[in-house]
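**Q** Right, I'll just put the structure down here and ask away after.
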Amino acid sequence: AQTVTQSQPEMSVQEAETVTLSCTYDTSENNYYLFWYKQPPSRQMILVIRQEAYKQQNATENRFSVNFQKAAKSFSLKISDSQLGDTAMYFCALHSGAGSYQLTFGKGTKLSVIP
Amino acid sequence: DAGITQSPRYKITETGRQVTLMCHQTWSHSYMFWYRQDLGHGLRLIYYSAAADITDKGEVPDGYVVSRSKTENFPLTLESATRSQTSVYFCASSESENLGTSGNRQFFGPGTRLTVL
């Protein structure tokens, strides 16, 4: 069984500052993929960023980047220059690749960006 | 260009009643999924479907029934609703099961907030 753990239920950050959301995971697979989803108050699930486990280079998408530590099974999300629109729930998710339909989610971190 | 839609967006029902949540996608994606979202649990998979007439249980299937007679529709039925089924329900779809394939990902609907009194 695969698990995803987000140990920070809530976080806050000042506008324009940088914040890091933590995620650890466990899987017995060698080929897997990690994702961060954003869920704003509208409830829509929005894919923020993805990381392939076989890639050593950390993924980046504009102000969003990850710190992927495969040996430690850690996958944190860094948001730079935080904006009010970044206020949302953030979910870390794990997918084990071919032959697996499952996307396993963490419990989420509620991020508030303070003006 | 509707993508993936869910109806109703909000539903209040009573214990013991049957309720059906609808999900419709316009991409002809093979795979469709139902999740429930509860505080402190994140999203948990209820059922999924690999194609029309092919469905399988996820992590929390008890109390739910699904069907998929057409590729684009994937209704979720609570045959006898219980208070523990009060939740937000998300439908999702993807072109294939392998989310590692370039360009493939799960697309989520807007969710249905269900309250069982």
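**Q** Can you pull out the residues in segment A:44-55 that are within 28 Å of B:G111 (Cβ to Cβ) and open to solvent by less than 20 Å² (accessible area, probe 1.4 Å)?
**A** A:M45, A:I49, A:Q51
**Q** In segment A:56-66, how many residues are part of a strand (DSSP E or B), more than 14 Å from every other protein chain (Cβ to nearest Cβ) and open to solvent by 50 Å² or more (accessible area, probe 1.4 Å)?
**A** Filtering segment A:56-66 for residues part of a strand (DSSP E or B) gives A:60-61, A:64-66.
Within this subset, residues satisfying the condition of being more than 14 Å from every other protein chain (Cβ to nearest Cβ) are A:60, A:64-66.
After this cut, where a residue has to be open to solvent by 50 Å² or more (accessible area, probe 1.4 Å) as well, the list is A:60.
The number of residues fulfilling the criteria is 1.
**Q** Does segment B:52-67 contain any residue that is more than 10 Å from every other protein chain (Cβ to nearest Cβ) and either in contact with a helix residue (DSSP H, G or I) (Cβ under 9 Å, 6 or more places away or on another chain) or of a type in the set (F, W, Y) (or both)?
**A** Our first condition is that a residue be more than 10 Å from every other protein chain (Cβ to nearest Cβ); within segment B:52-67, this holds for B:52-55, B:57, B:60-67.
Applying the additional criterion that residues be either in contact with a helix residue (DSSP H, G or I) (Cβ under 9 Å, 6 or more places away or on another chain) or of a type in the set (F, W, Y) (or both) yields B:63-64.
Yes, segment B:52-67 contains a residue that is more than 10 Å from every other protein chain (Cβ to nearest Cβ) and either in contact with a helix residue (DSSP H, G or I) (Cβ under 9 Å, 6 or more places away or on another chain) or of a type in the set (F, W, Y) (or both).
**Q** Any chance segment B:86-99 includes a residue that's facing another protein chain (nearest Cβ under 8 Å) and touching an Asp or Glu at 6+ places or on another chain (Cβ under 6 Å)?
**A** no
**Q** Select from segment A:10-55 the residues that are at pLDDT 95 or above and either among the basic types (K, R) or not in a strand (DSSP E or B) (or both) and list them in ascending order.
**A** If the condition is that a residue be at pLDDT 95 or above and either among the basic types (K, R) or not in a strand (DSSP E or B) (or both), then A:E15, A:A16, A:E17, A:T18, A:S22, A:C23, A:K38 are the ones that fit.
**Q** Related question: Need pairs with beta-carbon distance below 6 Å; first residue touching a residue at least 40 places away in the same chain (Cβ under 8 Å) and more than 12 Å from every other protein chain (Cβ to nearest Cβ) and within segment A:8-34, second aromatic (F, W, Y) and open to solvent by less than 10 Å² (accessible area, probe 1.4 Å); sequence gap 6+ or separate chains.
**A** Short answer, once both residue conditions are applied: A:L21/A:Y90.
**Q** Restricting attention to segment A:71-113, report how many residues are assigned to a strand (DSSP E or B), more than 14 Å from chain B (Cβ to nearest Cβ) and open to solvent by less than 70 Å² (accessible area, probe 1.4 Å).
**A** Filtering segment A:71-113 for residues assigned to a strand (DSSP E or B) gives A:74-79, A:88-95, A:103-105, A:109-113.
Retained after the next criterion (residues that are more than 14 Å from chain B (Cβ to nearest Cβ)): A:74-79, A:111-113.
Then keep just the ones that are open to solvent by less than 70 Å² (accessible area, probe 1.4 Å); that gives A:74-77, A:79, A:111-113.
Result for segment A:71-113: 8.
**Q** So B:S69 ticks every box in (1) in a loop (DSSP other than H, G, I, E, B); (2) open to solvent by less than 20 Å² (accessible area, probe 1.4 Å); (3) without any contact (Cβ under 8 Å) to a residue 24 or more places away in the chain; (4) not aromatic (F, W, Y) but one. Which box is left unticked?
**A** Here B:S69 clears every test but (2).
**Q** Kindly indicate the residue of segment B:20-48 that is open to solvent by 10 Å² or more (accessible area, probe 1.4 Å) and hydrophobic (A, V, I, L, M, F, W, C) and also nearest to A:Y90 (Cα to Cα) among those meeting that condition. Steps first, answer last, please.
**A** Let us first name the residues in segment B:20-48 that are open to solvent by 10 Å² or more (accessible area, probe 1.4 Å), namely B:20, B:22, B:24, B:26-31, B:36-41, B:44, B:47-48.
Now narrow it down to the ones that are hydrophobic (A, V, I, L, M, F, W, C): B:22, B:27, B:39.
Numbers: B:M22: 26, B:W27: 26, B:L39: 13 Å.
This residue is B:L39.
The values are calculated or read from the model by the stated rules, or taken from the named source; none is laboratory data. Quantities reported herein were computed from a predicted structural model and do not represent experimental measurements. For neighbour counting, all protein chains shown are included, and Cβ atoms are generated from backbone atoms with ideal geometry for every residue, glycine included. All accessible areas refer to the heavy atoms of the entire protein, side chains included, with ligands and DNA or RNA removed. Shrake-Rupley method; radii C 1.70, N 1.55, O 1.52, S 1.80 Å.
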